[in-house]
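Report on the structure given below.
The values are calculated or read from the model by the stated rules, or taken from the named source; none is laboratory data. Keep in mind the model is a prediction, meaning the values are calculated, not measured. Cβ placement follows ideal geometry from the backbone for every residue including glycine, while neighbour counts extend to all protein chains displayed. The accessibility values were calculated without ligands, DNA or RNA, using every heavy atom of the protein model including side chains. Shrake-Rupley method; radii C 1.70, N 1.55, O 1.52, S 1.80 Å.
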Amino acid sequence: MDAGQKLRGDGDRPLVGDGGYVVALTGLLILPLIAAVGLAVDLGAWYARAAQMQKAADAAALAGAAYLPDEGLAAIRAQAVAAQNGFDDADADITVTVTPVGSQQLQVSIDDNDVNQYFTSLFVSNVDVARSAVAEYVLPVAMGSPRNYLGTGNDPSGALTA
């Protein structure tokens with residue numbers, strides 16, 4: 001054996017035929033690994049966008065429901081709050097739909113037809129994310145006695161005494 005030849009751990013046999021195995025294996029596995037990382041990044045971005053849309057839909061529905069039963073004013077207020085949160089109907093890719101449900105509920109739906117893509121644009125042309133929220137206007141609860149004499153001793157029927 002000459003001085004430039006590498007030996008295995010046992011020292012008996014020369015290292016022959018294993019050159020380039022790691023390079024070939026890395027070359028085969030690097031593309032699926034990059035695709036998996038790209039998909040994970042895009043899924044995280046889509047999840048964050050969906051959470052942002054849900055928060056905006058919740059806020060818009062709550063803001064609009066306060067103006068019910070005036071459906072027109074409720075819809076205007078819901079659209080304004082959605083626009084304040086970054087979801088304006090004037091944008092071509094975003095649709096904000098306000099729908100009264102009954103006389104005391106308001107549904108706000110936000111649809112983004114072109115969510116950002118960082119790596120999956122090679123495989124998927126367009127991603128659509130939609131979220132909606134429903135808010136209900138609850139009438140005020142009356143406080144106290146409806147006859148306004150409970151506990152005062154002024155019962156007109158004479159049943160209560162002071």
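Taken over the stretch 81-109, the criterion of being farther than 18 Å from GLU136 by Cα and aliphatic (A, V, I, L, M) is satisfied by ALA83, ALA90, ALA92, ILE94, VAL96. Might you let me know whether the stretch 81-90 holds any residue that is closer than 25 Å to ALA45 by Cα, in contact with a strand residue (DSSP E or B) (Cβ under 6 Å, 6 or more places away or on another chain) and crowded, with 17+ Cβ neighbours inside 10 Å? Looking through the stretch 81-90, at least one residue is closer than 25 Å to ALA45 by Cα, in contact with a strand residue (DSSP E or B) (Cβ under 6 Å, 6 or more places away or on another chain) and crowded, with 17+ Cβ neighbours inside 10 Å. Cβ separations smaller than 7 Å between residues 6+ apart or across chains give the following pairs from the stretch 38-60 residues that are open to solvent by 60 Å² or more (accessible area, probe 1.4 Å) to residues that are part of a helix (DSSP H, G or I): LEU39/THR120. One residue alone among VAL108, VAL127, VAL96, VAL134 is assigned to a loop (DSSP other than H, G, I, E, B) and either over 14 Å from LYS55 (Cβ atoms) or free of Cβ contacts under 8 Å to residues at least 60 places away in the same chain (or both), and that residue is VAL127.
Quick grid of which residues meet (1) at pLDDT below 85; (2) within 30 Å of ALA36 (Cβ to Cβ); (3) among the charged types (D, E, K, R):
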position: TYR47; (1), (2), (3): no, yes, no
position: GLU71; (1), (2), (3): no, no, yes
position: ALA80; (1), (2), (3): no, no, no
position: ASP93; (1), (2), (3): no, yes, yes
position: VAL101; (1), (2), (3): no, no, no
position: GLN105; (1), (2), (3): no, no, no
position: SER121; (1), (2), (3): yes, yes, no
position: PRO146; (1), (2), (3): yes, no, no
